[in-house]
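One structure follows; several queries about it will come next.
All of the numbers you see were taken from the coordinates with simple rules; none came from a lab. Here the structure is a predicted model, which means the values were calculated and not measured. So basically every Cβ, Gly included, is an ideal-geometry build from the backbone, and we count neighbours across all protein chains shown.
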Amino acid sequence: MMIIETKLPKVGTTIFTVMSQLAIEHQAVNLGQGFPDFEPPLALRDALSRAMHDGRNQYAPMSGTAALRQQIALKTERLYGRKVDPDSEVTVTSGATEAIFAAIAALVRAGEEVIVFDPAYDCYEPAIELQGARAVHIPLTLPDFAIDWQRVRDALTKRTRMILINTPHNPSGAVLSAADLEELAAIVRDTAIVVLSDEVYEHIVYDGAQHESVLRHPELAARSIVVSSFGKTYHCTGWKLGYAVAPAALSAEFRKVHQYLTFCSFHPAQVAFAEFLASTPQHYLELPAFYQAKRDRFRRLLAPSRFKLLEVPGGYFQLVDYSSISGLDDVAFCEWLVKQGGVAAIPLTPFCETAPGTRLLRLCFAKSDATMQAAAERLVKL
Ligand code: PMP
Ligand code: GLN
C-alpha cells in the first residue's frame with residue numbers, strides 16, 4: 001500500500017463537523033456549529049431563485065459581479081467612511097474561508113510567520129502551514145479575551161509577515177476597540193507586515209457599540225485585507241459567499257490565488273445579494289437589535305442554570321463556564337453534554353495551541369425561540 005505522508009499532521013475532522021454529527025446521533029439540540037436555524041429573508045431567497053430562472057447560471061466574473069462589488073463598496077463607504085474602488089479593491093469569494101486561504105496563500109511565503117490569537121478560528125493555521133509558514137500563537141488574556149499588545153511586540157521577528165485579527169471574535173464575542181487598532185498600527189508601522197482582518201461578524205455588535213473595522217483606520221486599511229461573510233449577515237451559511245476588501249496592489253495578489261482556487265463564486269447568489277443590498281440596506285442595520293434580542297433571551301433562559309455566563313459584546317456565541325457542574329476538561333465535557341445532556345456545544349481547546357485550562361464552552365444562540373427553549377430546558381437541569 002502506498003504510504004501518504006501528510007502535509008497537515010495536526011489536522012483531523014473539524015470540531016464543528018464532529019459535534020454536528022454527534023448531535024444527530026444523540027438527538028441533541030445543536031448549539032455547536034455556528035449556523036442559524038431560521039431562514040434567510042424571503043426577498044433574498046426569491047431573488048436567488050429569480051437569478052437562476054433568469055439564466056444567471058454560468059461563470060460570474062472572476063472578481064465578482066460588478067453590481068455586487070458596487071454594493072459592497074457603497075456599504076464600506078457608508079459604514080466605515082472608506083471609499084474603495086469596486087473594480088480593483090473588492091473581490092467576491094466563496095465564503096470567508098476561501099478569502100482567508102487566498103489571502104494567506106497569496107502573501108505568506110515558506111519560512112515566514114503569521115501571528116494569530118488563541119483561541120483562533122480553525123481554518124487559519126492549516127492555511128498557514130500549507131505555505132510552509134508558521135503560526136505564532138498568542139493567547140488572548142482572560143476574562144475578556146483581550147490582546148496583550150506587549151506580547152505581540154515581543155513575538156515580532158524578521159520573519160513576521162502577517163498579523164491575523166478577528167473582531168468580533170469567534171468564539172468569545174470580544175471586540176477590538178479603536179485603541180487596539182492604534183496599537184496594531186503602531187506595531188506594523190515601518191514594517192512589511194500585512195494585516196488580515198477577519199470581520200465576518202461585523203454587523204453583530206451589541207449594546208450600541210460601533211464595529212471598529214480596520215476599514216475605518218486609513219493607515220491600517222492601506223496594508224490590510226478585510227474579510228466578511230454574507231453567510232453570517234444574511235442567515236445563509238450554506239450559500240458560501242463572502243468577500244475581501246484590500247488596496248489594489250494587495251487585491252491584485254489576492255486575485256492571483258482566487259482565480260486558480262475557485263476562479264469565481266456562486267453566480268446566482270451574487271445577483272441576489274446585489275439586488276437585496278440595494279433594496280434592503282436596513283437588513284444589516286437591524287442585525288444588532290435582532291441578535292441582541294436573541295442574546296438577551298438566551299441569557300435569561302440560562303440564568304437559573306449552574307453555568308456562569310460570560311459577557312457577549314459581539315458575534316452570536318455565548319461562552320459559559322461549567323466549572324460548578326463538572327471538573328472534566330472541555331472536550332470531554334462537550335462529549336458528555338451531547339451524549340448525556342442532550343445539547344451540542346463547542347469546546348475551546350481545539351482553537352488553542354496549548355490547552356487553555358479553562359472550563360469554558362461555546363453555545364450558539366443564532367436559533368429560533370423554540371430551539372433556545374429546548375436547549376435551556378436541558379441545560380438548567382444539569
Ligand atoms: N471566520 C470566522 C471567525 C468564522 O466564525 C467563520 C464561520 N462563519 C468563518 C471565518 C468562515 O466564514 P464562511 O462560512 O463565510 O466561510
Ligand atoms: N464558523 C462556524 C462556527 O464557528 C463553523 C463553520 C464550519 O463548520 N466550518 O461554528
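Using only Cα atoms, figure out Rg for the chain and give it as a multiple of 2.2 N^0.38 Å.
This ratio for the chain stands at 0.97.
Determine the calculated [θ] at 222 nm for the chain from helices alone, applying -39500 (n - 2.57) to every DSSP H run no shorter than 4 residues and normalising by the residue count; nearest 500 deg cm²/dmol.
Mean residue ellipticity at 222 nm (helix-derived): -12000 deg cm²/dmol.
Select from the range 1-108 those GluC sites (Glu not before Pro) which occupy a DSSP coil region and have at most 16 other Cβ atoms within 10 Å, ordered by residue number.
E5
Let me ask something else about it. Starting from the Cα gyration tensor of the range 62-214, take the square roots of the eigenvalues, sort them a ≥ b ≥ c, and report rounded, prolate or oblate (rounded when a/c is under 1.5, otherwise prolate if a/b is larger than b/c, else oblate).
Oblate shape, in that a/c is at least 1.5 and b/c is the bigger or equal ratio.
Tell me the Kirkwood radius of the range 1-124: reciprocal of the mean inverse pair distance over distinct alpha-carbon atoms, in Å.
Hydrodynamic radius (Kirkwood, Cα only) of the range 1-124 equals 19.1 Å.
Across the chain, where is the longest run that never hits trypsin sites (Lys or Arg not before Pro) in a DSSP loop with at most 16 other C-beta atoms within 10 Å?
The reported range is 190-305.
Filter the chymotrypsin sites (Phe, Trp or Tyr not before Pro) in the range 174-264 to those in DSSP coil with at most 15 other Cβ atoms within 10 Å of their Cβ, and list the result.
F263
Among A376, G341, G327, flag the residue with its Cα farthest along the positive direction of the charge dipole of the range 293-380, charges on Cβ as +1 for Lys/Arg and -1 for Asp/Glu.
A376
Something else now. How large is the dipole of the range 1-66 about the Cα centre if only Lys and Arg carry +1 and Asp and Glu carry -1, each at its Cβ, rounded to the nearest 20 debye?
Value, rounded to 20: 240 debye.
Which loop-located chymotrypsin sites (Phe, Trp or Tyr not before Pro) does the range 33-102 contain, where loop means any DSSP state but H, G, I, E or B and the Cβ has at most 15 other Cβ atoms within 10 Å?
Sites meeting the loop and neighbour criteria: F38, Y59.
A follow-up question, please. Amide H of E113: which non-local residues (sequence gap of 5 or more, or other chain) have their own amide H closer than 5 Å, using H built in the peptide plane?
Those lying under 5 Å, H to H, from E113 are R134, T160, R161, M162.
Which value, in debye to the nearest 20, describes the size of the charge dipole of the range 269-382 about its Cα centre when Lys and Arg Cβ atoms bear +1, Asp and Glu Cβ atoms bear -1, and nothing else is charged?
440
What is the range 216-357 by shape, rounded, prolate or oblate, if you read a ≥ b ≥ c off the alpha carbon gyration tensor as root eigenvalues and call it rounded for a/c under 1.5, prolate for a/b larger than b/c, and oblate otherwise?
prolate
Alpha carbons only, please: Rg and Dmax for the range 131-195, in angstrom.
12.1, 33
Another one. Which log10 I(q)/I(0) values, to two decimals, does the range 199-245 give at q = 0.24, 0.29 Å⁻¹ under the Debye formula with one point per Cα?
So the normalised log intensities are -0.89, -1.03.
In the structure displayed, which of K10/K158; K7/K367; K83/K240 lie more than 30 Å apart, Cα to Cα?
Those over the limit are K7/K367.
Treating cross-link reach as a plain straight distance, find the aspartates and glutamates whose alpha-carbon is under 16 Å from the alpha-carbon of K381, omitting any fewer than eight places away in the same chain.
The qualifying aspartates and glutamates are D321.
Does the range 153-263 classify as rounded, prolate or oblate by the C-alpha gyration tensor (a ≥ b ≥ c root eigenvalues; a/c under 1.5 gives rounded; else a/b over b/c gives prolate, otherwise oblate)?
It comes out oblate by the Cα gyration axes.
With each label point set 7 Å from Cα along the Cα-Cβ vector, what nm distance links D85 and A303?
Distance between label points: 5.4 nm.
On a C-alpha basis, how far is the centre of the range 1-54 from the centre of the range 271-338 in Å? Whole number, if you could?
Using only Cα atoms to place each centre, the spacing works out to 18 Å.
Could you work out the pair-distance distribution P(r) of the range 35-104 from its alpha-carbon pairs, with 10 angstrom bin width and percents rounded to whole numbers?
17, 36, 41, 7
Please give the length that would be gained between E5 and A355 if that part of the chain were fully extended, namely 0.36 nm times their separation in residues minus their C-alpha to C-alpha distance (nm, one decimal).
Stretched out fully, the E5 to A355 stretch lengthens by 123.4 nm.
May I ask you to list, by number, the DSSP H helices of the chain whose Cα span along the axis is at least 18 Å and whose average Kyte-Doolittle hydropathy reaches 1.6 or more?
Going by DSSP H runs, the hits are 95-107.
Relative to the Cα centre, what is the charge dipole magnitude of the chain, using +1 at the beta carbon of each Lys and Arg, -1 at the beta carbon of each Asp and Glu, and rounding to the nearest 20 debye?
Dipole of the chain, to the nearest 20 debye: 340 debye.
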